[in-house]
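Structure, as structure tokens:
The values are calculated or read from the model by the stated rules, or taken from the named source; none is laboratory data. Being a predicted model, the structure only gives us computed values, none of them experimental. Don't worry about glycine lacking a Cβ; one is built from the backbone with ideal geometry, like all the others, and counts go over all protein chains shown. What goes into the accessible areas is simple: the full protein's heavy atoms, side chains included, and nothing from ligands, DNA or RNA. Shrake-Rupley method; radii C 1.70, N 1.55, O 1.52, S 1.80 Å.
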Amino acid sequence: MTVDGDITRWLGRLSDGDPEALDRVVRLLYDELRTMARRQLGNERDGHTLSATALVNEAYLKLAAHNRIGASDRIQFFSVAATTMRRVLVDYARARRRVKRGGGEANVPLESVEAFLTEKESDEVLALDAALDRLAALNPRAARVVEQRFYAGLSVEETAGLLGVSKKTIQRDWLAARAWLRKEVSFELAE
């Protein structure tokens, strides 16, 4: 059986709730998942503590908490993985913000804490996440386009296939969503 055939078979088992399937799918797609993670981390500061490997591992742990993951092909799986990685990055940004504000813990000297994100980066990640949630309420398809293009790194063609619409529709949604998000994030950061 080919690698693609193996992936398809294991994705089917993953959808059926096979506990071994996620391990196999991740092993088969590990290099591509690391590439996706590197892309998501590409806008972060140099020297932060979360590497592409760590981001993949954190996403794996979140995915492993689910009994079933509905992904019948690799594009759908990458879509789920990208959304999970986004959630991990947002959780890190929230944790960074919580630590900055004390988080109910004893005070620790700032120089002894190696932050994943700077304060500005934490604010940007959280502002983008909030804006994307608002976009999803106004235009769910445009929000999905952003998730697939920006977080999963899917091409226009792959995104069109995943969402069942034309390439032109994806291009229009992508342009409009980026402009809308840029305005919303700028507004939120200015407050």
Report, in debye and to the nearest 20, how large the dipole of region 123-191 comes out about its Cα centre when Lys and Arg carry +1 and Asp and Glu carry -1 on their Cβ. 500 debye
Residue by residue through region 10-18, the couplings from Karplus 6.51 cos²θ - 1.76 cosθ + 1.60 with θ = phi - 60°, in Hz, x for Gly and Pro, are 5, 5, x, 5, 5, 5, 7, x, 5
Sort 150, 187 by heavy-atom solvent-accessible area, probe 1.4 angstrom, most to least. 187, 150
Zone residues, region 165-188, relative to residue 120, backbone N less than 20 Å from point 7 Å out along Cα-to-Cβ: 182-188
Would you grab the residues whose amide H sits under 5 Å from the one on residue 69? Only those 5+ places off in sequence or on another chain, please, with H modelled 1.01 Å from N. 15, 17
Which peptide among 177-184, 32-39, 16-23 comes first, and what is the full order, when sorted by highest mean count of other Cβ atoms within 10 Å? 32-39, 177-184, 16-23
Once amide H atoms are placed 1.01 Å from N in the peptide plane, what residues at a sequence separation of 5 or more from residue 154, or on another chain, have their amide H within under 5 Å of its amide H? 149
Specify whether the C-alpha gyration tensor of region 117-183 places it in the rounded, prolate or oblate class, a ≥ b ≥ c being the square roots of the eigenvalues: rounded for a/c under 1.5, otherwise prolate if a/b is larger than b/c and oblate if not. prolate
